[in-house]
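The values are calculated or read from the model by the stated rules, or taken from the named source; none is laboratory data. Owing to the predicted nature of the structure, the values given are computational and were not obtained by experimental measurement. Cβ placement follows ideal geometry from the backbone for every residue including glycine, while neighbour counts extend to all protein chains displayed. Quick note on the areas: whole protein, heavy atoms, side chains included, nothing else; ligands and nucleic acids left out. Shrake-Rupley method; radii C 1.70, N 1.55, O 1.52, S 1.80 Å.
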Amino acid sequence: MVETLSADRPPARIDDEARRTQPRVRTGVHFMLGDHACAEGALAAGLDFFAGYPITPSTEIAEHLATRMPEVGASFVQMEDELASMAAIIGASAAGARSLTATSGPGFSLMMENVGLAAMMEVPCVVANVQRASPSTGLPTMVGQSDILQARWGSHGDYGIIAYCPASPQECFDLTVEAFNAADRYRVPVFILMDEIVGHMTERVIIPEASEIPHVPRKKPDFSPGAKRFLGYAADDDLVPPIAHAGEGYKVHMTGLTHDEKGYPAMSPDTHHQLVNRLVDKIRLNASAIERYEEFELDDAEVVVVSFGCTARSARRAVREARAAGIKCGLLRLITVWPFPEGRIRRLVEAGKVQRFVVPEINLGQLRREVERLTNLPVRRLNHAGGSMPKPDEILELIRS
Amino acid sequence: MSAIDITLKTAANEHPIDHLLRADRLPHILCPGCGIGTVIHGYAHAIAASGIPEDNHVCVSGIGCSGRAAGYVNVDSYHSTHGRALPFALGIAVHRPELKVTVISGDGDLSAIGGNHLIHAARRNVDLTVICINNFNYGMTGGQVGPTTPIGARGTTAPEGAVEAPFNLPYLAKATGAVFVARWTILHVREFQDAVLRAMQKKGFCFIEVLAPCPTSFGKSNKIGDGLHEVEIYRERCRIENGAANIEDFDIDLVDETKPIVVGNFVDIERKIFQAHKR
């Protein structure tokens, strides 16, 4: 028998209808993949535009957003490569969008060209890099933490940068929200340096009410277009200039060339020196407001483990076991690796209790260099080139030695 | 009297497109005889004639002499990285579809380092107007050959003459999905301007190649003495074939003086324009 359609029984496409009514902020308690939590964090932060290229182990971010963004009226674009992805999110942000791309090592390398453009043009944007074992194609499906220094120095020239390292799916959500706020606050590209283990880990994620999601707006011109000349690169005391977007009438000009306060190319060493110093200083001098770290059992610690991302999970267990064995040991877990919390490490050293540091990481010593340059105390290392995570026992052994 | 003083005289003396140029950026960096100024002139006139509010026009460029075009037009303008003007422009066009985004860049920027983005922007049919200034070489870096340099033409990286087959850019744009494709030269001031206007008023990926002299770099290696000399070549050899279907035959050969340079509005079709996956 053929079913007939009637007014009281419309040809409802229930799936589509239900999807359309999905909220932007999925308030509630979830059992969620790290990559998906990053995507949900971006949506909660007001993501307007995503451009990306598939790459393991970040692909779930793009796949999740390809479903979720149309539900909330935001734009998802799969680009032809990572060069284009990075350029597109800068363009969209210059037109006012909160924009995101997601990638992993090889794609992160390709994005470095336009990371420099975003830094120089001071266009806020967020890049999630789910780190895998590198260099080159490396171990695409296995964990790495070896993009730490690339995140800081990857594009040519000097500039300031912010990078968050989530250690759990919950932090993938929370820190993605924070990344968008920091990007807009400081007009800077911001990285979420995830790793394959955190990205592919499923844990409880609590998403708060939409009204409880912190939102830091961009600093805008304080006059109407045409009233006077808008200076998009005249910074206030915090070294962050206001931004106007395409189509708002301020006739902005943005360039990757060295530029003056109007944004016009200015080919002079003095202008260049001043501009590049400001790009570095706006992060350096605001570092105490940006830096995030977690302290665990640090007060009387004689051995301090410095760790981040998935490795910090093993480190916490090792510290707990060391404490149970009577060793005065603590953990400094870096939530921002950039800016690197130099001040906190200096204070630990100056307090005189610490006898040595232990730095486990899934690379051959990138973060250890940062610790070593701040202290003459011994810095013990535990390194694996990638594909495997340091085990608590291995870290404990180093704490004991 | 400085250049700025000259341009900012009384309103009575103002040229119709003065307000569309960033007069405070003059004098410009372009060489005598360069064709880029004529292209900017045509773009500015098309903006004025477009009926689209000037605040809704956006100009994006890449790197190189042609890439400097965005810096001289008084609309929201972005001078992006080498080759990346199209994806940068896509970001703007997708996020703010009501804006009319025009990409002005060079042949090397758009078809060599940015070649991948060109074919994919055309394939997607992103709503962009692209003005590709083709001067057959990399001018800003001093006259190296590129993917549009005709076989036999010389450049600093091909002192004996280019040996690689060049792109026929209108054919490439048509084959990859552009809905409007034209080729003009800076001699064809009015036709070029009308083509830009047509592209601005059309939805979808519109590609206009405009041939322009580069006497300083391309000319010096190829016995084309000055800008006027190259414009004379256009006058003698250009043949207008609007609507021609066989644009695959319209390669440009500057060495063989018997071959015509075919110009015209070649493609003007309708195709579904790109939209991000919105419901």
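Side notes on the structure shown:
- Annotation: of all residues in region A:117-135 being of a type outside the set (A, V, I, L, M) and under 14 Å from the mean Cα position of the chain (by Cα), the one that is nearest to the other protein chains (Cβ to nearest Cβ) is A:125.
- Test: residue in region B:116-139 that is of a type in the set (Val, Ile, Thr), within 13 Å of chain A (Cβ to nearest Cβ) and without any contact (Cβ under 8 Å) to a residue 40 or more places away in the chain: no
- Every test in (1) touching a residue at least 24 places away in the same chain (Cβ under 8 Å); (2) of a type outside the set (A, V, I, L, M); (3) farther than 24 Å from residue A:131 by Cβ is passed by residue A:387 save one, and that test is (3).
- The residue of region A:17-53 that is modelled with the lowest pLDDT, among those that are open to solvent by 60 Å² or more (accessible area, probe 1.4 Å) and more than 14 Å from chain B (Cβ to nearest Cβ), is A:23.
- Residue list for region A:57-79, restricted to those being surrounded by fewer than 19 Cβ atoms within 10 Å (Cβ to Cβ) and within 20 Å of residue A:104 (Cβ to Cβ): A:59, A:63, A:66, A:78
- Taking the conditions (1) touching a residue at least 60 places away in the same chain (Cβ under 8 Å); (2) away from chain B (no Cβ under 14 Å); (3) open to solvent by less than 20 Å² (accessible area, probe 1.4 Å) in turn, residue A:280 satisfies each one other than (3).
- Evaluating residue A:110 against the criteria (1) surrounded by fewer than 24 Cβ atoms within 10 Å (Cβ to Cβ); (2) facing another protein chain (nearest Cβ under 10 Å); (3) at pLDDT 95 or above leaves one unmet condition, (2).
- Residue list for region B:204-253, restricted to those being on the phi > 0 side of the Ramachandran plot and open to solvent by less than 40 Å² (accessible area, probe 1.4 Å): B:204
- With respect to being hydroxyl-bearing (Ser, Thr, Tyr) and touching a helix residue (DSSP H, G or I) at 6+ places or on another chain (Cβ under 7 Å), residue A:375 fits the description.
- Criterion (small (Gly, Ala, Ser), over 30 Å from residue B:50 (Cβ atoms), touching a strand residue (DSSP E or B) at 6+ places or on another chain (Cβ under 9 Å) and crowded, with 24+ Cβ neighbours inside 10 Å) met by exactly one of B:155, B:139, B:108, B:146: B:146
- Taking the criterion of being farther than 27 Å from residue A:229 by Cβ and either at pLDDT below 95 or surrounded by fewer than 24 Cβ atoms within 10 Å (Cβ to Cβ) (or both), the residues of region B:74-102 that qualify are B:82, B:97.
- Selection of region A:345-354 for residues being open to solvent by less than 80 Å² (accessible area, probe 1.4 Å) and touching a residue at least 12 places away in the same chain (Cβ under 8 Å) yields A:345, A:348, A:349, A:354.
- Of B:71, B:62, B:51, all but one fail to be at the interface with another protein chain (Cβ under 7 Å from one of its Cβ atoms) and either surrounded by fewer than 24 Cβ atoms within 10 Å (Cβ to Cβ) or at negative phi (or both); the exception is B:71.
- The set of residues in region A:127-146 being in contact with a helix residue (DSSP H, G or I) (Cβ under 6 Å, 6 or more places away or on another chain) and crowded, with 24+ Cβ neighbours inside 10 Å consists of A:128, A:129, A:130, A:132, A:143, A:145.
- Scanning region B:224-241 for residues that are touching a helix residue (DSSP H, G or I) at 6+ places or on another chain (Cβ under 9 Å) and outside any helix (DSSP H, G or I) turns up B:224, B:225, B:226, B:240, B:241.
One line per residue, one yes/no per condition, for (1) more than 19 Å from residue A:320 (Cβ to Cβ); (2) open to solvent by 40 Å² or more (accessible area, probe 1.4 Å); (3) in contact with a Pro (Cβ under 7 Å, 6 or more places away or on another chain):
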site: A:336; (1), (2), (3): yes, no, no
site: A:343; (1), (2), (3): yes, no, no
site: A:356; (1), (2), (3): no, no, yes
site: A:364; (1), (2), (3): yes, yes, no
site: A:372; (1), (2), (3): yes, yes, no
site: A:381; (1), (2), (3): yes, yes, no
site: A:397; (1), (2), (3): no, yes, no
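- Helices (runs of 4 or more DSSP H) enclosed by region A:325-401 - at least 2 residues per element that are small (Gly, Ala, Ser): A:342-351
- Only listed residue being in contact with a Cys (Cβ under 9 Å, 6 or more places away or on another chain) and at pLDDT 95 or above, chosen from A:276, A:303: A:303
- Whichever residue in region A:228-237 is assigned to a loop (DSSP other than H, G, I, E, B) and under 21 Å from residue B:56 (Cα atoms) and, among such residues, is farthest from the other protein chains (Cβ to nearest Cβ): A:231
- Taken over region A:238-277, the criterion of being away from chain B (no Cβ under 14 Å) and open to solvent by less than 30 Å² (accessible area, probe 1.4 Å) is satisfied by A:240, A:241, A:242, A:275, A:276.
- Against the conditions (1) within 23 Å of residue B:70 (Cα to Cα); (2) open to solvent by less than 10 Å² (accessible area, probe 1.4 Å); (3) in a loop (DSSP other than H, G, I, E, B); (4) of a type in the set (Val, Ile, Thr), residue B:133 satisfies every one except (3).
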